[in-house]
Amino acid sequence: MDLTTAKTRVAELHNILNQYNYEYHVLDNPSVPDAEYDQRLHELIDLEEQYPELKAPDSPTERVGGAVLDAFQKVEHQTPMLSLGNAFNEADLLDFDRKVRQAIGENYSYVCELKIDGLAVSLMYEAGLFVRGATRGDGTIGEDITANLKTIKSIPLRIKQPLTFEVRGEAFMPKKSFENLNIARAEREEDLFANPRNAAAGSLRQLDPRIAASRNLDVFLYGIADLGGTGVVAHSEGLDLLDELGFKTNKERRTCANIEEVIQYVNGWTEKRPHLPYEIDGIVIKVNSLAQQEELGMTAKSPRWAIAYKFPAEEVVTKLLDIELSVGRTGVITPTAILEPVRVAGTTVSRASLHNEDLIRDKDIKIGDYVVVKKAGDIIPKVVNVLVERRTGEEQDFKMPTHCPECESELVRLEGEVALRCINPKCPAQIREGLIHFVARTAMNIDGCGEKVITQLFQESLVQDVADLYKLTKEQLLGLERMGEKSATKLLAAIEASKENSLERLLFGIGIRHVGAKAAKTLAQQFETMDALAKASFDDIKDINEIGEKMADSVVTFFEQPEVAELLEELRSFGVNMTYKGPKLVTAEDSDSYFAGKTVVLTGKLEVLTRNEAKEKLEAKGAKVAGSVSKKTHLVVAGADAGSKLAKAQELGVEVWDEEKLIEELNK
Ligand code: IVH
């Protein structure tokens, strides 16, 4: 095919595919079978490969996910992305309505919309072409996630009029996609997402757009950033305009003449909510007329013309079948309620932590009770209370054991603690939990080594302490249940790679009492090597900012143990790194640096350094690198095409450098 013919065909395919896409993903009404779409898409992919110059920015092939990014660029929202005030009951809604009426009189109407439980996104169109998509961030500065958003098929890459404007909506993961994703993740022994919102946010925060493309995300648009610019006079007209332009809006919206109708709508959806194919967490109520919205204005944080009604956390009743005990990494015994599986707020719940003996006593929980369960913060299942009236007399009292359920040594209650503990350092449960902690993503980050693999390695006596991980052979791994050649190779590579981790991961991983991930980072940054930390005195450690006496004491006691010295020696002999590799602290020498203590903002395209490199170098010299310009900014480094941040710096009289000057000063 020659270029001219190819050009015509590409344009044709382009239009056909965009139309199919619109019918399928926006109208929910496909006109052709999937196979036909796929066939034409492949034809287009082939043509674009042959003639790269024919690839348009709104080509349907963009949907499959483009190049992997290093980092997300920051985006400043021209109109801030506001949040809404909340209403939790009818009284709050009546109160909102009273304030509206006081401000604008009796003649108004509301638009009620489902409050989609996903994450807010902003989409910029220039002359009808989708040019940039961003997260909300803190409302002023978000992240550029254009490549990921292009993979959402209901987002039009070109709209039906050549408009330049910004639209906003909620990206989300449908319930069914969420369930399938978690099933697949469970099979691969990957961490599960707690709910569809986290899954959607996690997918859009991936630097590799192919991941977002594989996740079946969707979007509902709910507004135009600057509605006044479009000529419409009411919010409902804005939504209709979005429909006409080819966007996907939610069709359950209603115009309500008064607050009584709003309350009816709210009550109706409280009932119908479980049957929707996506999660909602409330109803958004907006005054319809734009003129009236303007009259009502804003408070410091949110508009006075809208409010979000939040559904109460869903509560369900189920039977408490048993109470199981587990021994944690530090020996704490935790009772867990085993529940008859029940669906709450989108997922099936079969266990809930009961934390400790006191809680069981205070709530008067017995085995066999019917209990009310909800998800705290909509994520962690929690037993709210017991339905005493449903007792039959068959229920059994629960008593905490006197001895460890794993190693049978006597349990103790340390002074000032509610928890019962096993203090046997050789307790197998503690060792196993310690291993699980060591390989975790936040610690040594050994991929492919989940709880199940560790439990098997431990049971087969292949791994007794963390050093044993570094002795594993492929033959040993292949002997484990459900461990194939590929997984074994991958796991060994991950173990090998973990040797290169910076010190703080090892420090956190070996599990020093009271030392969390953040403290581990501080200690690593301060002492730089394991040896230096091991030799440090109580006072040396305590004097560090953010480190208290309890932690200092625990660190010193930890390194005093001869077994610890032995273990570290062994790890060292396997080549496990014990030095800090992150950005250095400002030392006396660096504090002479021009940058020490200064706040610097990077903007525009840098030519020599990447953003990240510039940031790391600046931080190493003691600067704080911020995302936005304010009176507190000392210096703005502006690369090519710098926009609003540069303008702001000039307005505030902040010093502005180019990249060359930056590099020169960094090299001093
Ligand atoms: S309107 C100024 N409408 O809920 C008005 N928000 O605090 C801006 N949300 O993060 C929001 N569905 O992302 C609006 N139909 C809807 C919504 C909705 C979900 C989210 C939004 C924002 C939060 C409101």
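The values are calculated or read from the model by the stated rules, or taken from the named source; none is laboratory data. Please read all numbers here as calculations on a predicted model, not as lab measurements. Quick reminder, even Gly has a Cβ in these numbers, built from the backbone with ideal geometry, and neighbours come from all protein chains shown. Just so you know, the surface numbers come from the protein's heavy atoms only, side chains and all, with ligands and any DNA or RNA stripped out. Shrake-Rupley method; radii C 1.70, N 1.55, O 1.52, S 1.80 Å.
Quick notes on this structure:
- Subset of the stretch 424-469 (residues that are buried (at least 18 other Cβ atoms within 10 Å of the Cβ), assigned to a loop (DSSP other than H, G, I, E, B) and out of contact with any helix residue (DSSP H, G or I) (no Cβ under 9 Å at 6 or more places or on another chain)): C427
- Looking across the stretch 182-196, the residues that are open to solvent by 60 Å² or more (accessible area, probe 1.4 Å) and touching a helix residue (DSSP H, G or I) at 6+ places or on another chain (Cβ under 9 Å) come down to E189, E190, D191, L192.
Every residue, every condition in (1) of a type outside the set (D, E); (2) over 33 Å from the mean Cα position of the chain (by Cα); (3) at pLDDT 90 or above, yes or no:
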position	(1), (2), (3)
N21	yes, no, yes
Y24	yes, no, yes
D28	no, no, no
R40	yes, yes, yes
E43	no, yes, yes
L47	yes, yes, yes
Q50	yes, yes, yes
D58	no, no, no
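- The listed residues are L276, L239, and the only one of them that is under 22 Å from E23 (Cα atoms), surrounded by 21 or more Cβ atoms within 10 Å (Cβ to Cβ) and within 16 Å of the ligand (Cβ to nearest atom) turns out to be L239.
- Pair list, Cβ under 8 Å, 6 or more apart: the stretch 296-324 residue closer than 29 Å to R273 by Cα and polar (S, T, N, Q), other residue within 14 Å of the ligand (Cβ to nearest atom) and open to solvent by less than 40 Å² (accessible area, probe 1.4 Å): S302/G85
- Of the candidates K535, K521, the single residue that is of a type in the set (K, R), in contact (Cβ under 8 Å) with a residue 60 or more places away in the chain and farther than 29 Å from A642 by Cα is K521.
- Criterion: basic (K, R), assigned to a loop (DSSP other than H, G, I, E, B) and either open to solvent by 70 Å² or more (accessible area, probe 1.4 Å) or in contact with a Phe, Trp or Tyr (Cβ under 9 Å, 6 or more places away or on another chain) (or both) - qualifying residue of R329, R351, R343, R361: R329
- Flag for T529 being over 35 Å from the mean Cα position of the chain (by Cα) and more than 30 Å from V637 (Cβ to Cβ): no
- Members of the stretch 68-89 found to be in contact with a helix residue (DSSP H, G or I) (Cβ under 6 Å, 6 or more places away or on another chain) and either part of a helix (DSSP H, G or I) or more than 23 Å from A201 (Cβ to Cβ) (or both), listed by number: A87
- Condition check for V10: within 19 Å of R158 (Cβ to Cβ) and either charged (D, E, K, R) or open to solvent by less than 70 Å² (accessible area, probe 1.4 Å) (or both): yes
- Single match in R421, R390, R413 (criterion: open to solvent by less than 40 Å² (accessible area, probe 1.4 Å) and basic (K, R)): R421
- Among residues of the stretch 207-222, those that are on the phi < 0 side of the Ramachandran plot and surrounded by fewer than 20 Cβ atoms within 10 Å (Cβ to Cβ), counted: 5
- Per the conditions (1) modelled with pLDDT under 95; (2) more than 29 Å from I454 (Cβ to Cβ); (3) among the polar types (S, T, N, Q), the sole criterion not satisfied by Q396 is (1).
- Cβ pairs under 8 Å, 6+ apart, first in the stretch 81-101 and more than 16 Å from G139 (Cβ to Cβ), second open to solvent by 70 Å² or more (accessible area, probe 1.4 Å) and more than 15 Å from the ligand (Cβ to nearest atom): F88/P312
- Residue in the stretch 279-289 that is touching a helix residue (DSSP H, G or I) at 6+ places or on another chain (Cβ under 9 Å), part of a loop (DSSP other than H, G, I, E, B) and open to solvent by 20 Å² or more (accessible area, probe 1.4 Å) present: yes
The rows are residues; the columns are (1) charged (D, E, K, R); (2) open to solvent by less than 20 Å² (accessible area, probe 1.4 Å); (3) more than 12 Å from the ligand (Cβ to nearest atom).
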| residue | (1), (2), (3) |
| --- | --- |
| H235 | no, yes, no |
| G246 | no, yes, yes |
| A257 | no, no, yes |
| T270 | no, no, yes |
| Q292 | no, no, yes |
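Results for (1) surrounded by fewer than 17 Cβ atoms within 10 Å (Cβ to Cβ); (2) of a type in the set (A, V, I, L, M, F, W, C); (3) more than 16 Å from the ligand (Cβ to nearest atom), shown as yes or no for each residue.
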site	(1), (2), (3)
L69	yes, yes, yes
Q78	yes, no, no
L84	no, yes, no
A87	no, yes, no
D95	yes, no, yes
R98	yes, no, yes
R101	yes, no, yes
C112	no, yes, no
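- Qualifying positions in the stretch 297-306 - more than 8 Å from the ligand (Cβ to nearest atom) and crowded, with 20+ Cβ neighbours inside 10 Å: W305
- Residues that are more than 16 Å from the ligand (Cβ to nearest atom) and surrounded by 19 or more Cβ atoms within 10 Å (Cβ to Cβ) within the stretch 166-181 comprise S177, F178, L181, listed in sequence order.
- Count of the stretch 353-384 residues which are under 26 Å from S409 (Cα atoms) and under 29 Å from the mean Cα position of the chain (by Cα): 3
- Taken together, the residues in the stretch 621-662 that are assigned to a helix (DSSP H, G or I), over 28 Å from the mean Cα position of the chain (by Cα) and buried (at least 17 other Cβ atoms within 10 Å of the Cβ) amount to 5.
- Of all the criteria given as (1) modelled with pLDDT of 95 or more; (2) open to solvent by less than 70 Å² (accessible area, probe 1.4 Å); (3) of a type outside the set (D, E), the one not satisfied by G231 is (1).
- Unmet criterion (only one of (1) surrounded by 17 or more Cβ atoms within 10 Å (Cβ to Cβ); (2) in contact with a Gly (Cβ under 9 Å, 6 or more places away or on another chain); (3) not hydrophobic (A, V, I, L, M, F, W, C)) for G597: (1)
- Pick from the stretch 125-136, criterion open to solvent by 10 Å² or more (accessible area, probe 1.4 Å) and either basic (K, R) or in contact with a Gly (Cβ under 7 Å, 6 or more places away or on another chain) (or both), ranking: nearest to the ligand (Cβ to nearest atom): R136
- One residue from A200, A225, A194 being within 13 Å of the ligand (Cβ to nearest atom) and within 17 Å of the chain's Cα centre (by Cα): A200
- In the stretch 49-67, the residues that are of a type in the set (D, E) and either open to solvent by less than 30 Å² (accessible area, probe 1.4 Å) or part of a loop (DSSP other than H, G, I, E, B) (or both): D58
- Filter result (within 12 Å of the ligand (Cβ to nearest atom) and assigned to a loop (DSSP other than H, G, I, E, B)) within the stretch 307-322: none
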